[in-house]
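Coordinate-derived values only; no laboratory data. Just so we're clear, the structure is a prediction, and the values are computed from it rather than from any experiment. Cβ atoms come from the backbone with ideal geometry, glycine included; neighbour counts cover every protein chain shown.
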């Protein structure tokens, strides 16, 4: 049976792992919320500063999940972990910044343009971990536990032994991120099914 | 067994599959010089559907493609609860609503064709199309659905042209995939569709067999191809092994071939590592341009036409080898029975995907 072994939430002001709060946004700070988490958690990955907000969210949540679940780093081959993310807004937040660059800032910005695809976050996580596994980014009307369950099962019945899944919705100040790790052949965790996904997501659907 | 058929292509070369096939057979391209298409009013060669004007171009193409599909399959299928529509696209209807790039079109499909299930959008840069077809195959093999229609679509917008212009990635002439003189992509727009099903009898024309495909990330760079072709190598290797197909069984490769210096070089290295150098190969970008999220579906549909017509189509724009590893790039149309073909795609975000289709 497949189990959800670790999960992470990011909202506009709270960051939690397995339901335990690990960081709260300091609204007095000049630094962005994700940069606050990055520093507080003492991550050292300079590329983080170049990433757009969607990739920063995916990077932070995946690193926090890895830290809470050390098996991830040791139990799997470099192509055995699939990445399967979805959201509704695609890369709209960065898309708008890119439009702003050519409509108001003089010229289209290449460094923004390369982030105007929702699947770039999968690439950033793959690069950070040297993971060569399967990738999928879907755009859905809303968080769909059944879709995650169905496609997650498909991935797990193929060459992937574990999956890092996530709903990664960011648009302006609205941040709704829920990443979770699903494994086979482990003892502790929550059964991977759509009821539990709905419960753990804490989304009001 | 999973079947694939009812392929549709809408491009500057024509609004029907037959028109597109006849243009391909005549080695006629959809690419033309479009004035003031770029930032600062730069002129660019584009594969642009000049007859498509006004707003909601993305939605119009999706509806037109599904209308064409519906005429080629059992009419009950589209409105069945056992059918899913999978749309592959990068930027959807961004020009209509940048904050919600797919909902309006998805709703229009649901209403017009009385769909029971909400369409799923696969958005994985340039591998979207191949990944969407693979997803359809997996959904059907897992018995979650019995039928899937995969529609790949992307339209040309200032957004994408300015973006690729800012990366200096656009060719100053119609693109030249795998050629020594290549210097970038030609952007394209269009729509492709295929039907994937567990039932042979829903197709009016005999379908082909679709085998399970795979994807793999390069884990190297978000906007540059791997120098070793690692992700493409792994994806194709995994797809071949999964289906127990040997390299010498592959009769044709529909490569990605964007015509950037680094992409085509990467593909040559990956195919060389796989021992696929001698397999006849083309890139269809010289005909359709690079249609981004639509490319994998349009090029799969075009490859299916090649199989049905037993014809290898010339890789338009290719004259002299321009990659460090030699490939068997098709230089003239040629009659050949095509039993088993390989389609690949690679893209931003380090994605690579591959699939195999076999004649029945």
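In peptide A:4-13, how many Cβ atoms from other protein chains are near each Cβ within 10 Å, on average?
Counting other chains' Cβ atoms within 10 Å and averaging over A:4-13 gives 0.
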*Starting from the Cα gyration tensor of segment B:208-358, take the square roots of the eigenvalues, sort them a ≥ b ≥ c, and report rounded, prolate or oblate (rounded when a/c is under 1.5, otherwise prolate if a/b is larger than b/c, else oblate).*
rounded
*Estimated inter-spin distance, residue A:174 and residue B:71, nm [label 7 Å along Cα→Cβ]*: 4.0 nm
*Mind checking the mean number of beta-carbon atoms from other chains within 10 Å of the Cβ atoms in B:166-173?*
2
_Show me the ranking of peptides B:127-136, B:200-209 by mean Cβ neighbours inside 10 Å, starting with the highest._
B:127-136, B:200-209
*Summarise the partner chain shielding of B:347-354 as one whole number: the mean count of Cβ atoms from other chains within 10 Å of each residue's Cβ.*
6
*What ranking do A:129-138, B:109-118 get when scored by the average of other Cβ atoms within 10 Å per residue, highest first?*
A:129-138, B:109-118
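Let me have the 222 nm mean residue ellipticity of the protein assembly as shown computed from DSSP H runs of 4+ only, each contributing -39500 (n - 2.57), with the sum over all residues rounded to the nearest 500. Spell out each step's value before the answer.
Values: 17 runs with 175 residues, N = 565.
Estimated from H runs of four or more residues: -9000 deg cm²/dmol.
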_To test your reading of the geometry: what angle, between 0 and 90 degrees and rounded to tens, separates the Cα axis of helix A:145-156 from the longest principal axis of chain A?_
70 degrees
_Cα long-axis angle, helix A:120-129 against chain A (0 to 90 degrees, to the nearest 10)_ = 60 degrees
*asked:* Could you order the peptides A:12-20, B:249-257, A:175-183 from most to least packed, using the average number of other C-beta atoms within 10 Å per residue?
replied: B:249-257, A:175-183, A:12-20
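Please compute the contact order of chain B in relative form: average sequence separation of alpha-carbon pairs under 8 Å and at least six residues apart, divided by the residue count, as a percent. Please list the in-between numbers first.
Working: 951 pairs, mean separation 87.7, N = 360.
So the answer I get is 24 percent.
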*Is any residue of segment A:156-172 close enough, with backbone N under 14 Å, to a label point placed 7 angstrom from the Cα of residue A:21 along the Cα-Cβ axis, and if so, which?*
none
*So for the pair residue A:12, residue A:39, with labels modelled 7 Å out along Cα→Cβ, what separation do we get in nm?*
2.2 nm
